[in-house]
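A.B. asks: Dropping the structure in here first, questions after.
We did not get these values from a lab; they are worked out from the coordinates using the rules stated. Since the model is a prediction, treat every value here as computed from it, not as a measurement. Neighbour counts are summed over all protein chains in view; Cβ atoms, including those assigned to glycine, are modelled from backbone coordinates with ideal geometry.
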Number of protein chains: 2
Amino acid sequence: MDTRQKIIDAAIIVLNEDFSSPLDKIAERTDLSRRTLHRYFTDRAELIEACREDMLRTWQAAMLQACGSTEDPLLQLEQMLYAGIDCGVRYIFLHKLLSQPEANKATGIPQNTTYETTRDNWFQLIPALQRRQLISEQVNAAWIRLLFIQMISVTVQAYQSGDIAQNDIKQLAWYSFRRSIGME
Amino acid sequence: MDTRQKIIDAAIIVLNEDFSSPLDKIAERTDLSRRTLHRYFTDRAELIEACREDMLRTWQAAMLQACGSTEDPLLQLEQMLYAGIDCGVRYIFLHKLLSQPEANKATGIPQNTTYETTRDNWFQLIPALQRRQLISEQVNAAWIRLLFIQMISVTVQAYQSGDIAQNDIKQLAWYSFRRSIGME
DNA sequence: GAAATATGTCACAACAATGTGACATCAATC
DNA sequence: GATTGATGTCACATTGTTGTGACATATTTC
């Protein structure tokens, strides 16, 4: 398997838990030495940048596919949730990273307009659904956005905890999410 | 105001964002020098321990009050949610800290059985409500527990973001939470 | 205003994390 | 079996973080 990708995968998991974690921990998780890690990424910043690009690519691909699979905006929303869940830790870390501009400045990550526009497209779905009376207009769109992100976080934790039957989790997530935003 | 407490408050906020953050950042947030911080807490471990105790105390007091205010288990659950929200970042950080035993070992935090028993008491409420048919028995108790914790996190973010009317947030949180677990 | 208390500034040693060079080792390929 | 490519080991300079001592400067209390 691609060593570079193996490092990125490990970095995403470790840095998601603790953003200031030393590179040794990432190397440890890949069964490679820190020296090898540095052969692929000269810099910590370069590694983080690679993680960001990887997460962004994965997320955008998943979201595009989810939206392309149907015309029904309700089904689109459901598929978007599943797509986020499939991205898992990537999705969570990406949003954590991009919602903390201080961290970005420190690591020199450029502002990514692709992300913003893509994201904004997804979340224009909500007002559209509200106009069609499929979601109560009482519930704030910003609130729904927070619930969406957090539902993916809950789901990832559920998978990791092992306390919940793996097969049920996705349906459970969609059930809880759609009810939390006032559907059905 | 109590300087010691001021430091703890700052530490909770900063460490919640980045657990490995240098002490300078905490000191900066209090408008005190790092030297003064070290006069109150000789050690980083000691400061973290103080944060843990502070969070635990605040949380337990809030939860006890919430449960003592009524006999109705449904109202109790609602009050518990509001209590968690009032604890805010404290609640989130406490759960983050106590759910990562690796971090505890590193900092020498002792396992706290008071926390576990108190927590377990609260979450015995769920099965009780399910037996009374107030919550669907279809929904897993572990899942509900995750939703509860995350709903508080969402609410704190909503307060911080400023995108949502402050007055509405608590009611919004209770509405979304109770529907997400299958009530009403 | 003198004494006591709290805080700031500076310097410093100890340690941890980073990034790199030099060279060894191992496996695959020719 | 010699060569190449990927990785490991070790050493090293550099930088960031930590905890502490010595002393200066307010601020409060008597």
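A.B. asks: Relative to the other copies, what are the label-point distances for B:PRO22, with labels 7 Å from Cα along the C-beta vector, expressed in nm at one decimal and sorted shortest first?
C.D. replies: From this label point to the equivalent ones elsewhere in the assembly: 1.6 nm.
A.B. asks: What average number of partner chain Cβ atoms lie no more than 10 Å from the Cβ of the residues making up A:140-153?
C.D. replies: Values: counts 7, 2, 6, 13, 1, 3, 10, 8, 0, 3, 8, 4, 0, 4.
For peptide A:140-153, the averaged partner shielding equals 5.
A.B. asks: Turning to a different aspect of this structure: Calculated FRET efficiency, A:ARG131 and B:ARG35, Cβ-Cβ r, R0 56 Å, to nearest 0.05? Before the final figure, lay out each step's value.
C.D. replies: Working: r = 59 Å, r/R0 = 1.05.
Taking R0 as 56 Å, the efficiency between A:ARG131 and B:ARG35 is 0.45.
A.B. asks: Something else: Cross-link list A:LYS170/B:LYS25; A:LYS25/B:LYS170; A:LYS6/B:LYS96: which exceed 32 angstrom alpha carbon to alpha carbon? Mind dumping the intermediate values first?
C.D. replies: Working: A:LYS170/B:LYS25 40 Å; A:LYS25/B:LYS170 40 Å; A:LYS6/B:LYS96 27 Å.
In this structure, A:LYS170/B:LYS25; A:LYS25/B:LYS170 lie more than 32 Å apart at Cα.
A.B. asks: Calculate one ³J(HN,Hα) per residue across region A:23-35 by plugging θ = phi - 60° into the Karplus curve 6.51 cos²θ - 1.76 cosθ + 1.60, and present them in order as whole Hz with x for glycine and proline.
C.D. replies: So the J values, rounded to whole Hz, are 5, 3, 5, 5, 4, 3, 5, 9, 6, 10, 7, 4, 4.
A.B. asks: Let me ask something else. Label-to-label distances across copies for B:ARG39, with labels 7 Å out along Cα→Cβ, in nm, shortest first?
C.D. replies: 5.3
A.B. asks: To continue, here is another question. So, in nm, how far is label B:MET183 from label A:GLU116 when the simple model puts each one 7 Å beyond its Cα toward the Cβ?
C.D. replies: 3.9
A.B. asks: Relative to the other copies, what are the label-point distances for A:TYR159, with labels 7 Å from Cα along the C-beta vector, expressed in nm at one decimal and sorted shortest first?
C.D. replies: 3.1
A.B. asks: Counting each DSSP H run of 4 or more residues in chain A as -39500 (n - 2.57), what helix-only mean residue ellipticity at 222 nm follows after dividing by all residues, to the nearest 500 deg cm²/dmol?
C.D. replies: Working: 11 runs with 138 residues, N = 184.
For chain A, the value works out to -23500 deg cm²/dmol.
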